[in-house]
Structure formats: structure tokens, C-alpha cells
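So the structure is just underneath, and the comments pick up after that.
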Amino acid sequence: MRTIISAEQLRSLLNDTRQAMSEQPWIEAIDDHSHSVGIPHGKMEALHRLERDQWVFVPLARTKAKNGRLVEHGFEIHRRESGWEVITAALELQDDKMAKVHAEAARNHAVQVELEKLRLRAVAAPRAHAG
């Protein structure tokens, strides 16, 4: 899933995920296109990185793959001219290698719940401005 969100939706997403961000390992990651993806440890760090056109991964849930590796499910976020591009993604933590971020369908329940919140905020925003 890819979508463009507003600055307000981005702040809400980062507020909702601050607990999971604070528990992240200190690692470096790359995505499928060999772009560096930062793993922020809080809302302010995420906003700081995004304002400097760095890409970030925001986690929501952790699972284990069949091979025993940890997998974080969440969002990869990029700054775009029209807002913030949010892509549902997974971060695979590897033992001695750099971690990999790749797009994935929103199969994890926590990711689905957060997507629904973003959708509801997008619907509510025009109504709030119309009143």
C-alpha cells in the first residue's frame, strides 16, 4: 500500500508509534532500491530525518520469520512535494549484515489498524475545515 499523507497525519502516525520506535535496535538499513533507510528512535528524530529528505522506517509490530530472523512490520516514509509518501513495509533484521526494508502488503493487524486510523483522519480533515 502506498499513499500520500498530510503533515498532520504524519504527526499522528509518529505519535501512535513512538513506543515501538523507542524500542528499535540501533541499526542501519537499505531498501530494495539500495536507498539508505533510517530507523528513528522517536518522533523528533523521525521528523528531523524526514525534513532532511532522509527515508525512515516506522515500526508497529515485531514477528519472527521461519528462519528465526526478526521482522518488523510498519511503514517506510519518504518526503514528496505533495506530502509524505507512506508505504507499508517490513524491516528484516539479519545477524551480521545490514538490515533490509522492503514493501509488503499490510497483513499484520497492527499495521492494518494504523492504516484505518490514517484513512479516518483523511476523511475527517476536510469536514473539519468545511465547518
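The values are calculated or read from the model by the stated rules, or taken from the named source; none is laboratory data. No experiment lies behind these values; they were computed from the predicted model shown. Please note: Cβ atoms are built from the backbone with ideal geometry, for glycine as well, and neighbour counts cover all protein chains shown.
Is one or more of the residues making up the range 17-38 in contact (Cβ under 8 Å) with a residue 60 or more places away in the chain and in contact with an Asp or Glu (Cβ under 7 Å, 6 or more places away or on another chain)?
Taking every residue of the range 17-38 in turn, at least one turns out to be in contact (Cβ under 8 Å) with a residue 60 or more places away in the chain and in contact with an Asp or Glu (Cβ under 7 Å, 6 or more places away or on another chain).
Quick check on the range 46-61: of everything there that is within 13 Å of the chain's Cα centre (by Cα) and either basic (Lys, Arg) or surrounded by fewer than 19 Cβ atoms within 10 Å (Cβ to Cβ) (or both), which residue is nearest to Ala29 (Cα to Cα)?
Gln54
At pLDDT 90 or above and either over 24 Å from Ser12 (Cα atoms) or touching a Phe, Trp or Tyr at 6+ places or on another chain (Cβ under 7 Å) (or both) - does that describe any residue in the range 58-68?
Yes: the range 58-68 contains one or more residues that are at pLDDT 90 or above and either over 24 Å from Ser12 (Cα atoms) or touching a Phe, Trp or Tyr at 6+ places or on another chain (Cβ under 7 Å) (or both).
Hey, could you check the range 1-31 for residues that are closer than 22 Å to Gly83 by Cα, in contact with a strand residue (DSSP E or B) (Cβ under 9 Å, 6 or more places away or on another chain) and charged (D, E, K, R) and say which is surrounded by the fewest Cβ atoms within 10 Å (Cβ to Cβ)?
Here the residue is Arg2.
Any residue that is out of contact with any helix residue (DSSP H, G or I) (no Cβ under 8 Å at 6 or more places or on another chain), within 24 Å of Arg121 (Cβ to Cβ) and hydrophobic (A, V, I, L, M, F, W, C) - is there at least one of those in the range 10-17?
Among the residues of the range 10-17, not one is out of contact with any helix residue (DSSP H, G or I) (no Cβ under 8 Å at 6 or more places or on another chain), within 24 Å of Arg121 (Cβ to Cβ) and hydrophobic (A, V, I, L, M, F, W, C), which makes the answer no.
Based on what the data block shows, is His41 surrounded by fewer than 17 Cβ atoms within 10 Å (Cβ to Cβ), part of a strand (DSSP E or B) and either under 13 Å from the mean Cα position of the chain (by Cα) or touching a residue at least 24 places away in the same chain (Cβ under 8 Å) (or both)?
no
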